[in-house]
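S.K.: Below is a structure I'd like to ask you about.
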Amino acid sequence: MRATPMALTEVPAPEAAFARRPRGAPWTLAAPSPLRLAALLAAALVVLPLIAVTFLAFQPAEAGPSPAILARYAQDTALLAAGVALGATGLGAVAAWLVVMHRFPGRGLFEWALALPLAAPAYVLAYGWADLLDVAGPVHTALRTAGLDPNWLQVRTLPGAVLLLSFAFYPYVYLTARAAFLSQPVCSLDAARTLGCSPRQVFFRVALPLARPALAAGAALAVMETLADYGAVTYLGVQTLTTGVVRAFTSYGSPEVAARLSLALLGAAALMLWLERSGRSGQTYAARSGRPLGRTDLGPVAGAVAAAFCTALLLAALLIPAIWLAIRAGQAAPDLPRLARAGATSLGMAAAGTAVTLGLAVAIAFGARGRTAWPARVASLGYATPGAVMAIGLLAPAALIWRTAGAPAAGVIAGLVLLLYAYAARLTAAALGPIDAGLTRVTPSMDRAARTLGETEAGALRRVHAPVARGALWTAALLVFVDVLKELPATLILRPFNFDTLAVAASNYASDERLAQAAWPALLLVALAVGPVLFLSRRIARSRPGGRRP
Amino acid sequence: MTPVLEARAVSRLFAGRPAVDRASLQLHPGEITALLGPSGSGKSTLLRILAGLEPADAGEVRAGGRRLSAPGLHVAPEQRDIGMVFQDYALFPHLSVLDNVAFGLRRLPRPERELRARGELNRVRLLDRAASFPNTLSGGEQQRVALARALARDPAVILLDEPFSGLDQGLRTEIRDMALDALRSAGAAALIVTHDAEDALLTADRLALMESGRILQTGVPEEVYARPVSLAAARLTGDADALPAQVRAGWACTAYGEIAAPGRPDGPALVMARPEAFRPAEDDGREVAVAERRFAGGALRLTLMSGGVPAHARWRFTQPGAQTVRVRLDSRFCAVFDPV
């Protein structure tokens, strides 16, 4: 599972990881400093598994799924992605539009609560909803008892998966759309009014076109998540390229076939990355105005409808599946030792993964500061790469390690290092976004002032850049922490034997149809993730574009 | 007197074009030098080269006997003993005013560091804002903190990049005077880069003019103002009219009168005339037309016209409604150049 991308940076994410920071003249005293080398090294680390995947894809393969099956994978993946793009964009854009532009009961609460479903991975939603709407489940039973035909209500279908993943991934669109609506120039909205537009026409003729690049960027993120999802689609019985990658490796034992499927995924992900990037650059013409947006009062009826919509979204995307899972968990005694072990493993991996990822991101952000940030672009490629693909790219070294490791313990440690590598390679860009945004507060002349006041380059980083970007570093750390916590496919492929995280434990229980048991690690996972997500979404809700300190 | 910092024929190329073109400049202890030039003239680049924030592609920068910059040689900015005040002040937003001023004093033990920082803040009369954060200060206050921060390390040289350009007109004089007092009491050699002629003339002990990457002229302000080396140099320091002239027997004759041009061969020439050069005259003067008359408080700004050549004068008084006035040229505010 992937999650929580640059969308979750402080609001007016200025170009974030992708482009140069706007900062005047370049730093021209560029001896090949150790920092610069560290940035290059970090970028190389990210791109290495992708090269390995490409290489592997052109090796002769043995057995694998037939071309017809592969075509089916590709078709379902395309349909799923298109459906989620529409669904998530619709839900997220409407929610953002309501919350930013209107006044209705609960608006302040919804503003941050609507980002909370980021704490629940898509597979947890899938477990909850699929079980609740199972043929033997309470809803179907109730409908049958009432004499109604419940058979139309199926989640384990392609349309069901589209709907569920739209619920899971709408927050990406919500966050980017909210930022875009907030940063739209008030004066152009006012100008539209004086030119004879009604409020409704202002939305369709000015606000929506202005937000279109941001919506496209949010939709691209949602599609990237969809392409990368393994846990939810597997449980719902939908075959996608990502499940194909995992199956080619685990069932057919063919890394080559997995790599070929991965190439197709990489192509689609790169397309989404490009879309996301162009969406971001489009955001820059949204001028920041000091004047607050005027919110329209919705009145009692429309206000109630708006509140109901937001409530329904929260129920569907988080509360109903979570509550149902809690009920199901109550029906089974947890395997406490295993749960505790998986919890500790998850926390340990998340902490270690965060440390490594943050280290790489800091090296890139500080090393590339003020210059063309191609290491950051390379890192964003890693972010677009589905976890399963990243894992396939690391399989070759992994296999080598399993074979050559004399002592099993050494093999386990090497395996964990590879897993951390996979996390870092995928998530460095996610950390880079907020750090880069935080570093824009350090102007080039602050940098130079530190130098003329007797600090070396490294000293300036330590005494100026790092403290100024401290809040951003925390944001980045929490983002990565939550993402590693939720990660499933790469962990499934690369983990040493008997090495369970909460995500792996939940997935294993679920695939054994022991949902009551799966509910325990799934809920524990959500409980661990909800704290950081809550903190981040509150922070985002408080921030206003253009309302920052100088 | 030996200069404390010296640029010798320094050049810097950007994309093959010289931003700084063989510029030479000397800074002396206790002296304030102003570097005056239009924006894009390369003065900020020269400043950054002196500070070590930019390498030199040709020429050298020396401090006493020590070479700081030369092609292939670059002493890092932190090792130069040169302080700098940035145009945007560049205060550190995460540090209080006191900590900003103490930033460069890390080698000192803590109590001494604080004492020193407080002393510097006192010098710029901001001791009461020591605990404040930069974002709560006005522009003028930020500028003084930046100055105190640069002075705190007691640098041999202090460079100021457009230090007064961000301030509004009302505060400007007051803050400029306070900054100059602080600079003089610190006794360092100071270089102020500015595009404002008034700032430059009022602040400088020595004035250097820069245009298109070159230093046009250096000298004391009065001399640079009154004896410009070229029309371009003249126009950097203030208003100047260019009057076409004919030299005959050591006199340059213009539409507004004659001035002495000793030693200059007969033929066409150009006379540079400041507004002060057009003096009200009695019968001995030349009668010229008044094309426009504008009241500007302390003075009248007259646009004169004679022989198809316009000229600008500043007078205290004219006869209201007069269509013509009598003028004569004051050679102390004129200079004769070759025709363009």
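S.K.: For the stretch B:135-219, what does the alpha-carbon gyration tensor say about shape, rounded, prolate or oblate, given a ≥ b ≥ c as the root eigenvalues, a/c under 1.5 as rounded, and a/b over b/c as prolate?
M.R.: Details: a/c = 1.90, a/b = 1.33, b/c = 1.43.
Here the stretch B:135-219 falls in the oblate category.
S.K.: Which three semi-axes in whole Å describe the equivalent ellipsoid of the protein assembly as shown, each the square root of 5 times a Cα gyration tensor eigenvalue, listed largest first? Spell out each step's value before the answer.
M.R.: Details: eigenvalues 942, 204, 122 Å².
Semi-axis lengths for the protein assembly as shown are 69, 32, 25 Å.
S.K.: Ignoring everything except DSSP H segments at least 4 long, calculate the 222 nm mean residue ellipticity for chain B; use -39,500 (n - 2.57) per segment, divide by total residues, nearest 500.
M.R.: Numbers: 8 runs with 81 residues, N = 340.
Result for chain B, helices only: -7000 deg cm²/dmol.
S.K.: I've got another one for you. Find the percent of Cα-Cα distances in the stretch B:142-297 that exceed 18 Å, and round it to a whole number. All intermediate terms of the calculation are to be shown ahead of the outcome.
M.R.: Values: 8310 of 12090 pairs.
Roughly 69 percent, once rounded to a whole number.
S.K.: Moving to a separate point now. Would you mind pulling out the separation of the Cα centroids of the stretch A:98-122 and the stretch B:246-286, in Å?
M.R.: 80
S.K.: Could you name every residue in the stretch B:88-105 that has 40 Å² or more less accessible surface in the full protein assembly than in its own chain alone (probe 1.4 Å, ligands and nucleic acids excluded)?
M.R.: B:Phe92, B:Pro93, B:His94, B:Phe103
S.K.: May I ask for the distance between the Cα centers of the stretch B:293-340 and the stretch A:460-522, given as a whole number of Å?
M.R.: 80
S.K.: Express the Stokes-Einstein translational diffusion coefficient of chain B in µm² s⁻¹, to the nearest whole number, given a Kirkwood radius over alpha-carbon pairs, 25 °C and a viscosity of 0.890 mPa s.
M.R.: On the way: Rh = 22.3 Å.
Taking Rh from Cα pairs, D becomes 110 µm²/s.
S.K.: Checking an interface number: how much accessible area is buried between B and A, summed over both chains, with a 1.4 Å probe, in Å² rounded to 100? List each step's numbers first, then the result.
M.R.: Details: alone 16380 and 22060 Å², together 36120 Å².
That pair of chains buries around 2300 Å² in total.
S.K.: Got a number for carbon plus sulfur as a percent of the protein assembly as shown's accessible area, 1.4 Å probe? List each step's numbers first, then the result.
M.R.: Details: 21740 of 36120 Å².
With neighbouring chains kept in place, the figure for the protein assembly as shown is 60 percent.
S.K.: Tally Lys/Arg at +1 and Asp/Glu at -1 over every other residue whose Cβ is under 14 Å from the Cβ of B:Gly139; what's the total?
M.R.: My count for the surroundings of B:Gly139 gives -1.
S.K.: Still on this structure, I have one more. Could you work out how far helix B:139-152 tilts from the main Cα principal axis of chain B, as a 0 to 90 degree angle to the nearest 10?
M.R.: 60
S.K.: Of the peptides A:230-236, B:211-217, how do they stack up when ordered by the mean number of other Cβ atoms within 10 Å, highest first?
M.R.: Numbers: A:230-236: 25.4, B:211-217: 19.9.
The most tightly packed comes first, giving A:230-236, B:211-217.
S.K.: Given the stretch B:55-95, what whole percent of its Cα pairs are spread farther than 14 Å?
M.R.: Numbers: 477 of 820 pairs.
In whole percent, the long-distance tail amounts to 58.
S.K.: Accessible area per residue for the protein assembly as shown in Å², computed with a 1.4 Å probe and the full protein assembly in place, what is it? Numbers along the way, then the final one.
M.R.: Details: 36120 Å² over 890 residues.
With all protein chains present, the protein assembly as shown gives 41 Å² per residue.
S.K.: Next question, about the same structure. Sort the following peptides by mean Cβ neighbour count (other Cβ atoms within 10 Å, averaged over residues), highest first: A:89-101, A:114-126.
M.R.: Values: A:89-101: 23.0, A:114-126: 28.0.
In decreasing order of mean packing, A:89-101, A:114-126 become A:114-126, A:89-101.
S.K.: Could you list the square roots of 5 times each eigenvalue of the Cα gyration tensor of the stretch A:40-103, that is, the equivalent ellipsoid semi-axes, sorted largest first and rounded to whole Å?
M.R.: Values: eigenvalues 294, 115, 5 Å².
They are 38, 24, 5 Å, listed from largest to smallest.
S.K.: Would you mind telling me which residue in B:Val290, B:Val145, B:Val157 has the biggest mean-square fluctuation in a Gaussian network model of chain B, where springs connect alpha carbons within a distance under 10 angstrom?
M.R.: Result: B:Val290 has the largest fluctuation of those listed.
S.K.: Also, quick follow-up: Just for the protein assembly as shown, what percent of DSSP beta bridges are antiparallel, to the closest 5? Before the final figure, lay out each step's value.
M.R.: Values: 60 of 80 bridges.
Antiparallel: roughly 75 percent of the beta bridges in the protein assembly as shown.
The values are calculated or read from the model by the stated rules, or taken from the named source; none is laboratory data. None of these values were measured; they are calculated from a predicted model. For neighbour counting, all protein chains shown are included, and Cβ atoms are generated from backbone atoms with ideal geometry for every residue, glycine included. When the accessible area is computed, the model is the full protein with side chains, heavy atoms only, and any ligands, DNA or RNA have been set aside. Shrake-Rupley method; radii C 1.70, N 1.55, O 1.52, S 1.80 Å.
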